[in-house]
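Student: What follows is a structure written as structure tokens; I'll ask about it next.
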Amino acid sequence: RDERGQVVIVDYKTDAVRAGALPARVEFYRPQVRAYRQAVEAATGAQTRAVLLFLNPGGSTAVDVDA
């Protein structure tokens with residue numbers, strides 16, 4: 001849960017994504033993350049938000065899908 005009490009769904013991705021291609025990859029994964037959110041909300045009644053976390057050998061990039 002985040003500081004507001006929302007359940008945070010983090011979907012870890014290991015795609016090799018260049019910075020310029022990141023918005024397209026987020027859009028590609030958006031329907032998948034929405035399905036996760038709907039399932040968690042239906043099962044728990046909790047408010048949720050979703051984050052895609054792109055991992056790579058040099059670090060990571062987090063993208064709040066709801067922003």
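The values are calculated or read from the model by the stated rules, or taken from the named source; none is laboratory data. It should be emphasised that the depicted structure is a prediction, and the values quoted were computed from it without experimental measurement. So basically every Cβ, Gly included, is an ideal-geometry build from the backbone, and we count neighbours across all protein chains shown. Ligands, DNA and RNA are stripped out before the accessible areas are found, and what is left, the full protein with its side chains, is counted by its heavy atoms. Shrake-Rupley method; radii C 1.70, N 1.55, O 1.52, S 1.80 Å.
Student: Quick one: which residue in Val17, Val10 is at pLDDT 95 or above, outside any helix (DSSP H, G or I) and of a type in the set (A, V, I, L, M)?
Tutor: Val10
Student: Next up: Just to verify a result, which residue in the stretch 18-59, among those that are within 15 Å of the chain's Cα centre (by Cα) and of a type in the set (Val, Ile, Thr), is most open to solvent (accessible area, probe 1.4 Å)?
Tutor: Filtering the stretch 18-59 for residues that are within 15 Å of the chain's Cα centre (by Cα) and of a type in the set (Val, Ile, Thr), the one most open to solvent (accessible area, probe 1.4 Å) comes out as Val40.
Student: Looking at the stretch 3-17, which of its residues are exposed (fewer than 15 other Cβ atoms within 10 Å of the Cβ) and in contact with a Lys or Arg (Cβ under 7 Å, 6 or more places away or on another chain)?
Tutor: Within the stretch 3-17, Gln6, Val8, Asp15 meet the criteria.
Student: Tell me which of these Ala43 doesn't satisfy, since it passes every other one: (1) part of a helix (DSSP H, G or I); (2) aliphatic (A, V, I, L, M); (3) touching a residue at least 40 places away in the same chain (Cβ under 8 Å).
Tutor: Of the numbered conditions (1) part of a helix (DSSP H, G or I); (2) aliphatic (A, V, I, L, M); (3) touching a residue at least 40 places away in the same chain (Cβ under 8 Å), the odd one out for Ala43 is (3).
Student: What pairs can you find where one residue is in the stretch 1-27 and farther than 12 Å from Phe54 by Cβ, the other is acidic (Asp, Glu), and their Cβ atoms are less than 7 Å apart, with a gap of 6+ or different chains?
Tutor: That search, which allows pairs on different chains as well, returns Val8/Asp2.
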